[in-house]
Amino acid sequence: MDTKELLKKVRKIEIKTRRLSDHIFSGEYHTSFKGRGMTFSEVRQYQFGDDVRAIDWNVTARYNEPFVKVFEEERELTMMLVVDISGSESFGTQNQFKRDTITEIAATLAFSAMNNNDKIGLILFSDQIELYIPPKKGKSHVLRIIRELIEFEPKSRRTDIGQAIRFLSGVMKKKAITFIISDFLSEPYDQPLKIAAKRHDITGIRIYDVRETKIPNLGLVPMVDAETGAVQLVQTGSRSVRMKYEAYYASKVAYFSDIFKKCGAGTISARTDESYVTKLLGYFKSRG
């Protein structure tokens with residue numbers, strides 16, 4: 001992709017996702033993800049209804065009248081986007097590829113965090129860490145993240161979600177609002193997720209295509225594994241084959257839901273031909 005085309009794509013995604021984050025998500029994001037705690041702001045005279053536990057006894061004694069400590073929420077947070085760019089994300093049969101949907105969701109979240117003056121970092125992964133961008137603030141930083149999401153070419157096409165989560169735990173020592181965006185067809189990742197979820201506020205966003213959920217009856221067809229490149233003839237006319245595939249896919253979805261729930265992490269599932277706006281907004285409101 002040449003520079004002109006890249007800039008055009010970045011601008012297109014910026015316009016679409018910035019509008020969403022400005023008008024829809026910023027308020028919901030603010031209320032959904034709290035600051036790290038309350039920090040001291042000032043001391044003022046006691047007013048009727050103030051909590052007596054907030055009285056500053058030293059200042060009260062000095063002025064011979066009651067004063068209270070005022071605290072405010074420490075809003076600044078760090079958001080980490082942990083994004084799967086393995087071969088399976090280049091699949092799509094409806095409106096767009098899974099990777100396109102992932103890019104738009106990540107950009108919307110990044111702009112929402114930027115509007116709240118939070119830092120944003122990025123981890124791109126396959127079965128290895130492909131790229132790490134440390135958390136920073138600012139529009140130029142967000143646009144760099146979007147550029148990488150659009151044009152970065154991974155060295156590997158395989159997936160290891162556990163590896164990505166372990167890397168997150170290694171580089172992020174303080175609590176971060178973390179969104180892991182993937183199709184979650186790779187497992188296991190329960191142990192690293194359990195450790196990371198104790199420190200970070202984690203949400204898994206599962207992106208999938210409607211054609212992944214079941215195999216249609218098309219007779220004998222060659223199928224390519226997007227991550228290994230292996231080609232295999234599959235008799236889709238066999239009901240047994242189709243049922244086994246549906247059971248296999250359902251087990252991956254159930255693993256994702258069960259493990260995240262057990263770890264106290266949130267989940268969102270969005271299909272490529274559905275409105276991810278509705279899914280994100282519903283999730284933010286449920287947390288608020």
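The values are calculated or read from the model by the stated rules, or taken from the named source; none is laboratory data. Because the structure is a prediction, the values reported are computed rather than measured. Backbone-built Cβ (ideal geometry, glycine too); neighbour counts: all protein chains shown. Keep in mind that these areas ignore ligands, DNA and RNA; they rest on the heavy atoms of the full protein, side chains included. Shrake-Rupley method; radii C 1.70, N 1.55, O 1.52, S 1.80 Å.
Checked against (1) part of a strand (DSSP E or B); (2) more than 30 Å from D22 (Cα to Cα), G204 meets all criteria but (2). Within the stretch 134-152, the set of residues being under 15 Å from the mean Cα position of the chain (by Cα) and either within 15 Å of T78 (Cα to Cα) or small (G, A, S) (or both) comprises P135, V142, I145. Residues in the stretch 225-262 that are without any contact (Cβ under 8 Å) to a residue 12 or more places away in the chain, part of a helix (DSSP H, G or I) and either among the small types (G, A, S) or under 20 Å from S90 (Cα atoms) (or both): 6 in all.
Could you check how many residues of the stretch 254-268 are surrounded by fewer than 16 Cβ atoms within 10 Å (Cβ to Cβ) and either among the polar types (S, T, N, Q) or touching a Ser or Thr at 6+ places or on another chain (Cβ under 8 Å) (or both)? Adding up the residues that qualify gives 2. Name the residue that is farthest from L109 (Cα to Cα), counting only residues in the stretch 197-222 that are more than 28 Å from the chain's Cα centre (by Cα) and surrounded by 13 or more Cβ atoms within 10 Å (Cβ to Cβ). Only one residue tops the list, namely V221.
The single residue among E89, E130 that is part of a helix (DSSP H, G or I) and open to solvent by less than 30 Å² (accessible area, probe 1.4 Å) turns out to be E89. Tell me whether the stretch 109-120 contains one or more residues that are within 13 Å of the chain's Cα centre (by Cα), within 17 Å of R206 (Cα to Cα) and touching a residue at least 40 places away in the same chain (Cβ under 8 Å). Within the stretch 109-120, one or more residues are within 13 Å of the chain's Cα centre (by Cα), within 17 Å of R206 (Cα to Cα) and touching a residue at least 40 places away in the same chain (Cβ under 8 Å). Within the stretch 128-143, the presence of a residue that is at pLDDT below 95 and in contact with a Pro (Cβ under 7 Å, 6 or more places away or on another chain) is excluded.
If you go through the stretch 32-70 and keep only what is among the aromatic types (F, W, Y), modelled with pLDDT of 70 or more and under 30 Å from H200 (Cα atoms), you end up with just F33. Beta carbons closer than 9 Å, at least 6 apart along the sequence or on distinct chains, pair a first residue in the stretch 57-71 that is among the hydroxyl-bearing types (S, T, Y) with a second that is at pLDDT below 90 for T60/Y46; T60/F67; T60/V68; Y63/Q45.
Of the residues making up the stretch 93-105, those that are surrounded by fewer than 20 Cβ atoms within 10 Å (Cβ to Cβ) and either among the aliphatic types (A, V, I, L, M) or more than 17 Å from K12 (Cβ to Cβ) (or both) are T93, Q94. The residues of the stretch 153-188 that are within 16 Å of the chain's Cα centre (by Cα), of a type outside the set (A, V, I, L, M) and part of a loop (DSSP other than H, G, I, E, B), listed by number, are K175, D183, F184.
One residue is enough: does the stretch 223-243 have a residue meeting the conditions among the acidic types (D, E), more than 24 Å from L122 (Cα to Cα), open to solvent by 20 Å² or more (accessible area, probe 1.4 Å) and over 19 Å from the mean Cα position of the chain (by Cα)?
So far as the stretch 223-243 goes, yes, one or more of its residues are among the acidic types (D, E), more than 24 Å from L122 (Cα to Cα), open to solvent by 20 Å² or more (accessible area, probe 1.4 Å) and over 19 Å from the mean Cα position of the chain (by Cα).
L143 - would you say it is in a helix (DSSP H, G or I) and either among the hydroxyl-bearing types (S, T, Y) or open to solvent by less than 20 Å² (accessible area, probe 1.4 Å) (or both)? Taking the combined requirement at face value, the residue does not satisfy it. For I123, the conditions (1) over 22 Å from L168 (Cα atoms); (2) buried (at least 20 other Cβ atoms within 10 Å of the Cβ); (3) not hydroxyl-bearing (S, T, Y) are fulfilled apart from (1).
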